[in-house]
Amino acid sequence: MFDLAYSRKGLAVTSLVAAMSVAGYATAGVTDQDIVADQDTVGDVVSNGMGLRAQRYSPLTRVNGDTVEDLKAVWAFSFGGEKQRGQESQPMVKDGVMYVTGSYSRVFAIDIKTGEELWQYDARLPENIMPCCDVINRGVALYGDLVIFGTLDAKLVALHKDTGKTVWKKKVADYKAGYSISAAPILVKGKVITGVSGGEFGIVGKVEAYDALTGKLVWTRPTVEGHMGYLNGKENGITGGEAGKTWPGDLWKSGGAATWLGGTYDPDVDLLFFGTGNPAPWNSHLRPGDNLYSSSRVAIDPDTGKISWHFQTTPHDGWDYDGVNELVSFDYTANGKKIQAAATADRNGFFYVLDRTNGDFIRGFPFVDKITWAKGLDQNGRPLYNEDFRPGNPADSKDGKQGKTVVAAPSFLGGKNWMPMAYSQDTGYFYVPSNEWEMDIWNEPTAYKKGAAYLGAGFTIKAINEEYIGVLRAIDPVSGKEVWRYKNNAPLWGGVMATAGGLVFTGNPEGYLMAFDAKTGEMKYRFQTGSGIVGTPITWEQDGEQYISVVSGWGGAVPLWGGEVAKRVKHLNQGGTVWTFKLPAKAEMAAK
Ligand code: CA
Ligand code: CA
């Protein structure tokens with residue numbers, strides 16, 4: 001059929017058609033094999049996470065502890081316009097072209113060698129979009145000849161890689177109900193897999209799979225217990241629970257559990273791992289029960305959308321401890337046996353190591369200095385609550401309008417928020433961008449109204465220490481020990497990358513791209529990018545040279561929701577620039 005289409009259309013065949021095979025998989029451009037192999041293939045970056053497991057680890061060694069001091073910026077590309085804020089994107093690189101998103105649902109294709117723009121796509125957004133946490137976007141997915149991304153009005157858009165022209169567009173959810181998309185989609189077995197944002201508006205979280213070449217919906221998996229999943233247009237049954245079982249009355253109908261950070265995929269167990277946000281509303285007294293599958297990690301069959309297992313980090317969440325943070329697969333050996341593990345650093349302040357085959361809890365430990373809401377975890381990883389630190393029930397107050405205020409740590413922006421950690425296959429450590437902060441939080445009465453904030457809570461975030469809020473930590477997932485830490489004045493909000501060159505890269509809101517010795521935490525390099533870094537660095541090799549890129553442009557949730565912390569960092573300037581670095585040519589090095 002493929003050959004026939006080719007011969008019949010002859011030279012007139014479009015590159016899109018050429019990219020299609022009978023099975024619906026891409027056979028040209030970026031293929032499934034390219035994506036599965038991404039971590040080991042240094043010539044490109046074709047997945048968010050630099051590999052579907054999202055270890056954000058590169059085998060490249062040219063830039064290392066000895067050479068990194070010579071790293072030089074080779075070009076900087078401005079996103080332009082007046083829309084300079086909240087650049088949380090991870091760039092992708094294929095065949096000498098970088099594909100990167102900017103704030104306000106924009107995509108840019110850039111020539112790697114020169115830094116020149118090849119094309120720009122601006123989504124036409126309606127006036128009344130409702131992004132909770134700035135107008136951010138975290139990156140594209142690549143497949144065949146397509147560049148695919150999600151928009152702030154909750155659509156998936158597929159663009160042609162050479163022109164930036166729209167090939168297909170799909171509405172994923174109703175932006176008027178508070179839905180949006182800010183995460184990078186992932187590409188697994190020919191399907192675009194996306195989550196949705198909107199947990200602060202009482203939406204119903206879901207994970208969906210679309211045929212990447214055509215945009216046709218394959219399956220949908222709501223992440224609030226009681227909602228039906230669909231496969232090829234037919235119900236595929238409720239998995240793991242029934243309506244109202246872990247929710248009172250009808251609250252599951254607007255239960256939140258937004259899948260706003262996207263997911264990872266592990267080929268060993270053939271499962272997608274998605275995290276889910278807070279149950280809605282924040283006021284936990286309105287919804288007794290565990291409120292599945294909110295504040296959880298769920299493992300989903302990529303072929304059918306069925307939930308294979310779940311692990312709830314914060315049952316009956318009362319602090320907005322979204323459980324969305326990435327679950328990263330890694331292996332280690334214990335008693336001579338290989339353990340197929342996965343780790344996640346939760347907003348609630350605990351670091352979890354799970355068995356990725358079945359979701360069983362292996363161990364958990366605090367990764368921030370101060371946790372008040374729980375005294376620890378039990379043998380199954382369930383928190384041991386300290387009820388003194390659950391914000392009080394408004395119904396217990398004299399006028400019923402405001403419950404008791406508590407000072408809870410971490411703050412709702414989390415011990416770690418969206419910013420992805422990295423795992424080094426050399427050191428065996430996770431490098432976790434974290435923050436030390438707490439909050440005043442209280443509950444208020446509330447009711448669901450479509451398209452309106454649905455919190456039932458008020459809050460003020462405060463720093464715990466005078467000198468620093470951000471802490472980059474090297475954590476041994478087997479011993480549970482912190483190996484080193486780097487303290488940063490402003491809260492850390494950018495992603496991390498580890499390399500076989502023995503380095504760990506990240507950026508800070510003060511504007512520096514920084515490189516640390518992976519074993520000791522010694523800072524080996526820093527470069528001022530002119531605005532705060534809240535994006536995630538990547539590295540790749542081209543023509544025998546190692547490149548590093550990062551997007552700079554302060555913004556995101558901290559300036560909007562950070563309370564006293566937002567005041568403390570209000571001097572930081574916004575921006576929107578991709579910076580690209582490499583070592584000087586060998587001749588230059590020799591002359592040095
Ligand atoms: Ca690659
Ligand atoms: Ca939330």
Fill in the blank from the handout: Given the candidates 509, 454, 470, the one whose Cα lies deepest towards the positive end of the charge dipole of segment 426-541, counting +1 at each Lys or Arg C-beta and -1 at each Asp or Glu C-beta, is 454
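Around residue 461, with a cut-off of 12 angstrom between Cβ atoms, what is the net charge of the other residues, counting Lys and Arg +1 and Asp and Glu -1?
Local net charge: -2.
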Exercise for the section: Go ahead and run the numbers for FRET between residue 481 and residue 95, Cβ-Cβ distance against an R0 of 30 Å, rounding to 0.05. Expected result: 0.10
Practice task
Give, in nm to one decimal, the length gained when the segment between residue 386 and residue 270 is fully stretched (0.36 nm per residue of separation minus the Cα-Cα distance).
Solution key: 38.0 nm
Problem - For 221, 138, order by how many other beta-carbon atoms lie within 10 Å, fewest first - result: 138, 221
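Test of understanding: ordering 308, 180 by Cβ neighbours within 10 Å, fewest first, what list do you get?
Numbers: 308 19, 180 30.
Final ranking by Cβ density, sparse to dense: 308, 180.
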Problem - Residues with amide H under 5 Å from that of residue 223, placed H, sequence gap 5 or more - result: 205, 206, 207
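If Lys and Arg each add +1 and Asp and Glu each add -1, what is the summed charge of the other residues whose beta carbon sits under 12 Å from the beta carbon of residue 420?
Numbers: positive: 53, 56, 138, 416; negative: 88, 326.
Result for the neighbourhood of residue 420: +2.
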Handout entry: Spacing of the two label points (7 Å from each Cα toward its C-beta) at residue 393 and residue 243, in nm
Key = 2.6 nm
Completion exercise
Relative contact order of segment 4-591 (C-alpha contacts under 8 Å, at least 6 apart) in percent is 14 percent
Exercise for the section: Could you check the simple spin-label distance between residue 560 and residue 338, using points 7 Å along Cα→Cβ, in nm with one decimal? Expected result: 4.3 nm
Handout entry: Values of log10 I(q)/I(0), in the order q = 0.06, 0.12 Å⁻¹, for segment 4-591 under a Debye, Cα-only, solvent-free model
Key = -0.27, -1.17
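What does the charge count around residue 559 come to, taking other residues whose C-beta lies under 9 Å from its C-beta (Lys +1, Arg +1, Asp -1, Glu -1)?
Values: positive: 85, 570; negative: 134.
So the environment of residue 559 carries a net charge of +1.
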Exercise for the section: Send over the Kirkwood Rh of segment 459-552, from the inverse of the averaged 1/r over different Cα pairs, rounded to one decimal Å. Expected result: 14.3 Å
Exercise for the section: Round to the nearest 0.05 the FRET efficiency obtained for residue 250 and residue 452 when R0 = 22 Å and r is the Cβ-Cβ distance. Expected result: 0.80
Exercise for the section: Could you work out how far apart the two model spin labels at residue 232 and residue 174 are, taking each label as a point 7 Å from the Cα in the direction of the beta carbon, and quote it in nm? Expected result: 2.9 nm
Fill in the blank from the handout: Most packed first (mean Cβ within 10 Å per residue), the peptides 205-213, 159-167, 68-76 order as 205-213, 159-167, 68-76
Handout entry: Mean-position separation - Cα centroids, segment 378-418 and segment 272-324, in angstrom
Key = 17 Å
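Sorted by mean Cβ packing within 10 Å, highest first, what order do the peptides 419-426, 120-127 take?
On the way: 419-426: 23.5, 120-127: 13.1.
Final packing ranking: 419-426, 120-127.
Where the only charges are on Cβ atoms (+1 Lys, Arg; -1 Asp, Glu), what is the dipole of segment 294-453 about its Cα centre, to the nearest 20 debye? Spell out each step's value before the answer.
Values: 17 positive and 21 negative charges, 45 e Å.
Dipole about the Cα centre, nearest 20: 220 debye.
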Problem - Whole-percent pair-distance distribution, where bins are 5 Å wide, for the alpha carbons of segment 25-114 - result: 2, 12, 18, 20, 22, 16, 8, 3, 0
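Size of the dipole of the chain about the Cα centre, Lys and Arg at +1 and Asp and Glu at -1 on the beta carbon, nothing else charged, in debye to 20?
On the way: 60 positive and 66 negative charges, 169 e Å.
With only Lys, Arg, Asp and Glu charged at Cβ, the dipole is about 820 debye.
Take the residue pairs 245/398; 191/253; 161/191; 487/570; 462/524 and return only those whose Cα atoms are more than 21 Å apart. Working shown, then result.
On the way: 245/398 32 Å; 191/253 28 Å; 161/191 18 Å; 487/570 19 Å; 462/524 31 Å.
From 245/398; 191/253; 161/191; 487/570; 462/524, over 21 Å: 245/398; 191/253; 462/524.
Bear in mind these aren't lab numbers, they're just calculated from the coordinates by the rules spelled out. These numbers were taken from a predicted model, which means no experiment stands behind them. Glycine also receives a Cβ, built like all others from the backbone with ideal geometry; neighbour counts cover every protein chain displayed.
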